[in-house]
Amino acid sequence: MNSNKTVLISGGAGYIGSHTAVELINAGYDVVIIDNLSNSDRNAVDGVRDIVGRDIPFEVVDTCDRAALRAVFDRYAFDSVIHFAAFKAVGESVAEPLKYYQNNLVSFMNIVELMKETGRPNVLFSSSATVYGEAEVLPVTEQTPRQPATSPYGNTKQIAEDILRDCCGAYSGLNGIALRYFNPIGAHPSALIGELPRGVPNNLVPFITQTAAGIRPMLSIFGNDYDTPDGTCLRDYIDVVDLAKAHVAAVNRMVGARMESSYEIFNIGTGRPVSVLELITTFEKVNDLKLPYQYTARRAGDVPAVWADTTRANEVLGWKAERSLDDTLRAAWAWEKHIRNIK
Ligand code: UFG
C-alpha cells in the first residue's frame, strides 16, 4: 500500500463511512476501515467489498481505546484519516451528555494526537450544519457565525472543529478539513449499502421508508405552521453518494498539497431548500406509492429552515452535488426494500 494513496476510515462501517469507502476506492485510493460496530453492522463492510469487488482491511476497534488505535496506526501505512466514528442522536445527547462528550471528543483527540505522534499529515472531520443553528441569513456560508449549540451532540461538533483548528494551527505538518454536512439521505444505487438506523428512526427519510415498508403505521410531520412556503421545515437534503464524493475531493486536496491554509471548512449540500412536505410527495411520486401521514406538533429543537451556500465547495473543492432528489429517493426506497426483502 502506498501511504499517500491510503486512507484510514474510522466509522467506516457506518452510513456515510461505507459510501465514502466505495468512492475512495473508485477514485484509486486504498482504505483501511475501523469501526466499533456500536451503531453499525459488519455486513456494511461486506457490502463495500461486494461493490468494489475486492477485499478491504477491516478491524473492530473503538477509537476511544487509544492503545488499540495506536496498534492500527503502527500496522498500516496511511497519510490521511477520515474520522466518522461518533454518536449522532440529538435527543439522546440531551439525556446523556457525558456519553456524547466522552465518546465524540475523546475519540477525535485520540486520532489527532496519534496523527501528531506518528507524523500523519491529513485529517478530515465530519462536521454538521447543526453548527449554524437558527441562522439570521439564508443560505448559510462558511462565514455565517456559528450559533450556541442547542444539544450536547451539536456542541461536540463545534468543539471538535475548534480542536482541529487549534491543532492545525499549532502543529506544523498537520492539515485538517471540516466538512459541514447538511441532511444526508439516500443509499448506494446498488442497494448493497445504505442507512441502518437502530430502533425508531430519528431522521425523516428512514422514517418515510419504514412507513412505506409497513413497519411504522403513520408518518408525522412535525409542524406545519412555520414561516415557510408550505408551513413545513426547509432542509438541504444531500445524496449520500454525492456526499461521499465530497470526501474524495477533500482528500485529493490534502494529498495534493493544494490547501490554502492548514485548516479549511466546506459546506456540503445541494444549495436547494426542500420542505418536509415536498420531500414526502416526491418520495410518493417517484416510487409510485402513498404514505399515511399526519401533522403533529413541532419537534423541540428544530430550526425552521437551513440550507447551504455551496459556492466554496463548488469553486474551491471542485465538487458539486449531482444526483437528483428523484434518484436519491428511489435509491432510499430500493435500499429499504432490499433489507426487508420486499419485491
Ligand atoms: N421530520 C418530520 N417527521 C419525522 C422526522 C423528521 O417531520 O418523523 C422533519 C423534522 O422536523 C425536520 C426535517 O424533517 O424538519 C428533517 O429532520 P431530520 O431529523 O431528518 O433532520 P434534522 O434536520 O433535524 O437533523 C439533521 C441531522 C442532525 C443535525 C441536525 C441539526 O440529522 O445530525 O440536522 O442541524 F444535528
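Data for the structure
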| item | result |
| --- | --- |
| Global form of the range 264-307, assessed from the alpha-carbon gyration tensor, a/c cut-off 1.5 | oblate |
| Cα-based shape type of the range 226-343, given that a ≥ b ≥ c are square roots of the gyration tensor eigenvalues and the cut on a/c is 1.5 | oblate |
| Leading residue at positive end of dipole, the chain (Cβ point charges), from I34, L174, S324 | I34 |
| Computed over the range 64-194: relative contact order in percent, which uses C-alpha pairs under 8 Å that are six or more apart | 29 percent |
| Cα-based Kirkwood hydrodynamic radius, the chain, one decimal, Å | 20.3 Å |
| Backbone N under 14 Å from the D326 label point (7 Å along Cα→Cβ), restricted to the range 161-204 | none |
| Carbon/sulfur fraction of accessible area - the range 235-328, other protein chains in place, 1.4 Å, % | 47 percent |
| The range 190-343 - percent relative contact order, Cα under 8 Å, separation 6 or more | 36 percent |
| Solvent exposure of the chain as accessible area per residue, Å², 1.4 Å probe | 42 Å² |
| Accessible area (Å², 1.4 Å probe, nearest 10) - S38 | 60 Å² |
| Rounded accessible area of D46 (nearest 10 Å², 1.4 Å probe) | 60 Å² |
| Accessible heavy-atom area order of V81, V94, highest first, probe of 1.4 Å | V94, V81 |
| Most mobile listed residue (L325, L124, L289) in the chain, GNM with C-alpha springs under 10 Å | L289 |
| Listed residues W333, W307 arranged by accessible area, highest first, probe 1.4 Å | W307, W333 |
| Relative contact order of the chain, defined on C-alpha pairs under 8 angstrom at six or more residues apart (%) | 19 percent |
| Per-residue SASA entry for S127, accessible area with 1.4 Å probe, Å² rounded to 10 | 0 Å² |
| Gap separating the Cα centres of the range 88-157 and the range 279-297, nearest whole Å | 32 Å |
| Inter-site label distance for Y171 and D74 at 7 Å from Cα along Cβ, in nm | 1.8 nm |
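The values are calculated or read from the model by the stated rules, or taken from the named source; none is laboratory data. These numbers come from a predicted model, not from an experiment. Don't worry about glycine lacking a Cβ; one is built from the backbone with ideal geometry, like all the others, and counts go over all protein chains shown. Protein only, heavy atoms only, side chains kept; ligands, DNA and RNA dropped before computing areas. Shrake-Rupley method; radii C 1.70, N 1.55, O 1.52, S 1.80 Å.
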